[in-house]
Amino acid sequence: MLEKQTHTQLIILIDPDKYNPELIKIANKSKVSYIFVGGSVLKKNTFEKTIKSIKSITEIPVVIFPGDETQVSKHADGILMLSLLSGRNAEYLIGKHVKAASKIKASKLTVIPTGYILIDGANTSTTQKITKTKPLSSKKEIIETAIAGDLLGKKLIYLEAGSGAKKH
């Protein structure tokens with residue numbers, strides 16, 4: 001599914017609470033490589049429905065970007081096993097993974113070990129509030145954390161500044 005790539009890819013992230021099928025129709029006309037689905041806080045119970053809807057209107061692989069252990073669906077093509085490397089909150093380094101492990105294993109989803117690094121966007125992000133972690137701000141610390149993730153076997157490193165970030 002996610003093989004090592006030597007070219008730039010476009011990935012879009014869909015929040016199930018804000019899902020609009022028109023975006024998927026645009027993605028079909030664009031060069032979108034993957035569609036990530038998930039959110040930090042889901043207020044509506046539409047996670048599964050959103051994935052099924054997306055899969056019904058596109059061939060683009062759908063990968064779960066889980067905000068918590070409840071965001072697992074056998075209807076997706078894969079799931080990011082996110083580990084918040086920038087934080088020191090054990091719940092987001094391994095705790096949530098333990099809670100979801102059996103469900104993920106049973107789903108037969110392709111699992112992609114992913115290092116998640118929260119970076120300073122000059123705004124308090126939802127991720128920061130939920131995980132009770134501070135973002136990284138120094139370039140050196142971000143790079144060293146990404147290298148540590150690589151050494152831990154992470155296949156992807158995801159940098160997050162949060163919605164509405166003032167700094168990119």
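Readers should treat all values here as calculations from the given coordinates under stated rules, not as data from a laboratory. Remember, predicted model here, so these are calculated numbers, not experimental data. Cβ coordinates were reconstructed from backbone atoms using ideal geometry, including for glycine residues, and neighbour counts include every protein chain displayed.
One table, with the values for the structure above:
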read-out: Residue check for PHE65: crowded, with 17+ Cβ neighbours inside 10 Å, in contact with a Phe, Trp or Tyr (Cβ under 8 Å, 6 or more places away or on another chain) and within 21 Å of GLY95 (Cβ to Cβ); value: yes
read-out: Of residues in region 137-156 being among the β-branched types (Val, Ile, Thr) and without any contact (Cβ under 8 Å) to a residue 60 or more places away in the chain, the one farthest from THR126 (Cα to Cα); value: ILE147
read-out: Region 136-161: number of residues that are surrounded by fewer than 16 Cβ atoms within 10 Å (Cβ to Cβ) and part of a helix (DSSP H, G or I); value: 9
read-out: Total residues in region 32-45, condition in contact with a Pro (Cβ under 8 Å, 6 or more places away or on another chain), of a type outside the set (D, E, K, R) and part of a loop (DSSP other than H, G, I, E, B); value: 3
read-out: Residue tally, condition of a type in the set (Asp, Glu), surrounded by 12 or more Cβ atoms within 10 Å (Cβ to Cβ) and assigned to a helix (DSSP H, G or I), over region 7-31; value: 1
read-out: Per-region count, region 96-130, residues over 16 Å from the mean Cα position of the chain (by Cα) and not acidic (Asp, Glu); value: 14
